[in-house]
């Protein structure tokens, strides 16, 4: 009886460890293929967001999200420097609902963000990338593999982001 209980407990522990263990292969997946829109309404494949040969920082955001606005505004202030130092390509993907998506272009223009912004109003890309909230940022290496992600934004996070980008160099 003791052997049966011991074996059962070992099996349960093994199942639990397997369920919560993330392998390197799972961490370094590629961006999924999903149709999203440009601010002009043109459909594109999400794979086109990643420039092979350059790292990409992809940020899911929404106009109603204060931390999102803070993150993208902070990145906007240092984007030219980051681009010059690392070649980073910053991409914002708005997940605003369809009734608010029409105001995203003017919102971006008002904030003078000079990186690419796309729309994922159905949140298909967001869900496939398992981003549960905004802002959610993903760092994609030169080979197109997702190597790091983070949720949320507080002042000072930009220092950690550029550190992670430079680690790819």
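No value in this document is a laboratory result; all are computed from the given coordinates. All of these numbers come straight from a predicted model, not from anything done at the bench. Ideal geometry is used to build each Cβ from the backbone, glycine not excepted, and the neighbour counts take in all protein chains shown.
Applying the set (1) on the phi < 0 side of the Ramachandran plot; (2) under 17 Å from the mean Cα position of the chain (by Cα) to residue 97 leaves exactly one unmet item: (2).
With respect to the conditions (1) surrounded by fewer than 17 Cβ atoms within 10 Å (Cβ to Cβ); (2) touching a helix residue (DSSP H, G or I) at 6+ places or on another chain (Cβ under 6 Å); (3) closer than 17 Å to residue 31 by Cβ, residue 143 lacks only one, and its number is (2).
Criterion applied to 85, 30, 71 was being farther than 21 Å from residue 151 by Cα, in contact (Cβ under 8 Å) with a residue 40 or more places away in the chain and touching a helix residue (DSSP H, G or I) at 6+ places or on another chain (Cβ under 9 Å), and the one residue passing it is 85.
Among the candidates 59, 91, the residue that is out of contact with any helix residue (DSSP H, G or I) (no Cβ under 6 Å at 6 or more places or on another chain) and within 19 Å of residue 153 (Cβ to Cβ) is uniquely 59. Filtering region 131-169 to residues that are part of a loop (DSSP other than H, G, I, E, B) and either over 17 Å from residue 62 (Cβ atoms) or more than 13 Å from the chain's Cα centre (by Cα) (or both) leaves 141, 142, 143, 144, 154, 155, 156, 168, 169.
Just one of the listed residues (87, 102) is out of contact with any strand residue (DSSP E or B) (no Cβ under 7 Å at 6 or more places or on another chain) and either surrounded by fewer than 16 Cβ atoms within 10 Å (Cβ to Cβ) or farther than 22 Å from residue 169 by Cβ (or both), namely 102.
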